[in-house]
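Novice: Can you read through this structure? Questions will come right after.
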Amino acid sequence: MSSQSSRNDSATTVNGSDTVGPGRDRKSEGGVLKRLKSRKNQTDRRPVTEDELRALGKDITPDGVLGLRSVTRDYLCKPEDNLYNIDFIRFKIRDLETNTVLFEIAKPPNSDLQDEDDENGDIDSTAGRFVRYQFTPAFLRLRTVGATVEFTVGERPVQNFRMIERHYFQDRLLKSFDFDFGFCIPNSRNTCEHIYEFPQLPEDMIRQMVEHPYETRSDSFYFVDNKLIMHNKADYAYNGGQ
């Protein structure tokens with residue numbers, strides 16, 4: 001899970017069209033919330049290394065990142081590759097079984113991190129692309145979590161917007177999620193909720209993940225028409241409240 005609303009040094013402690021079609025609910029403020037489930041039956045891809053993908057330059061595809069067997073060391077694309085000016089402005093995580101909000105953040109209105117860094121003469125290439133979370137151990141026992149994201153789109157239409165998110169613990173792949181946003185019209189504000197169905201973890205792994213904070217990591221890759229345009233990263237601790 002990643003959110004561009006957060007700066008690279010952020011850390012958070014957590015307690016645990018207008019026609020409504022299938023998979024959509026009308027939000028309380030009158031918009032439309034689209035719920036997205038991860039693609040099923042993902043077939044194994046040929047194993048690939050980060051260096052092999054990096055050698056492809058701007059030709060990295062979904063099949064490529066699905067072949068990764070460990071978390072990336074660095075970003076596989078640059079901020080300027082986001083030619084569609086997609087900007088994530090709100091992010092919320094909730095437990096779907098209890099409807100408890102676990103985490104919520106929104107980008108301040110009229111904020112522009114890039115301009116701020118330019119004025120200070122310090123441009124951080126990871127700003128807005130990395131977030132650090134701290135959850136309680138109870139998070140590891142949740143079964144279904146909803147992550148609501150709100151984002152805006154620039155002047156170009158966005159075709160086949162897709163996110164692949166891969167979670168690792170000490171370079172062991174825990175789960176891969178694959179969500180289709182679909183088509184986004186130009187100059188639009190969009191809201192959707194990704195439904196994360198977590199695997200049941202053995203108690204010994206839960207203990208290890210609690211005892212080794214920030215060794216659980218994720219890569220989030222965003223594609224338009226099967227071309228990588230954004231790459232966000234996150235790491236996680238599960239020792240909050242201890």
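The values are calculated or read from the model by the stated rules, or taken from the named source; none is laboratory data. Note that this is a predicted model, so its numbers are computed, not measured. Ideal geometry is used to build each Cβ from the backbone, glycine not excepted, and the neighbour counts take in all protein chains shown. Please note that ligands, DNA and RNA were not included when accessible areas were found on the heavy atoms of the full protein model with its side chains. Shrake-Rupley method; radii C 1.70, N 1.55, O 1.52, S 1.80 Å.
Novice: Restricting attention to region 165-205, which residues are open to solvent by 70 Å² or more (accessible area, probe 1.4 Å) and closer than 17 Å to Asp87 by Cα?
Specialist: Answer for region 165-205, where residues must be open to solvent by 70 Å² or more (accessible area, probe 1.4 Å) and closer than 17 Å to Asp87 by Cα: Phe183, Ile185, Asn187, Arg189.
Novice: Just give me the residues in region 210-229 being closer than 27 Å to Phe183 by Cβ and open to solvent by less than 10 Å² (accessible area, probe 1.4 Å), in sequence order.
Specialist: Pass one, region 210-229, residues closer than 27 Å to Phe183 by Cβ: 218-229.
Correct list: Ser218, Asp219, Ser220, Phe221, Tyr222, Phe223, Val224, Ile229.
Novice: Separate question: How do the strands (runs of 3 or more DSSP E) wholly within region 69-156 filter down when requiring 3 or more residues that are aliphatic (A, V, I, L, M), farther than 27 Å from Tyr168 by Cβ and at pLDDT below 95: which remain?
Specialist: Values: elements: 87-95, 100-106, 130-135, 144-152.
Once the strands (runs of 3 or more DSSP E) in region 69-156 are filtered for at least 3 residues that are aliphatic (A, V, I, L, M), farther than 27 Å from Tyr168 by Cβ and at pLDDT below 95, nothing remains.
Novice: Does region 183-190 include one or more residues that are in contact with an Asp or Glu (Cβ under 9 Å, 6 or more places away or on another chain) and of a type in the set (A, V, I, L, M, F, W, C)? Give the steps one after another, and end with the answer.
Specialist: As a first pass, look at region 183-190 and keep what is in contact with an Asp or Glu (Cβ under 9 Å, 6 or more places away or on another chain): 186-187, 189-190.
Pick out the ones that are also of a type in the set (A, V, I, L, M, F, W, C) and you get none.
Within region 183-190, none of the residues are in contact with an Asp or Glu (Cβ under 9 Å, 6 or more places away or on another chain) and of a type in the set (A, V, I, L, M, F, W, C).
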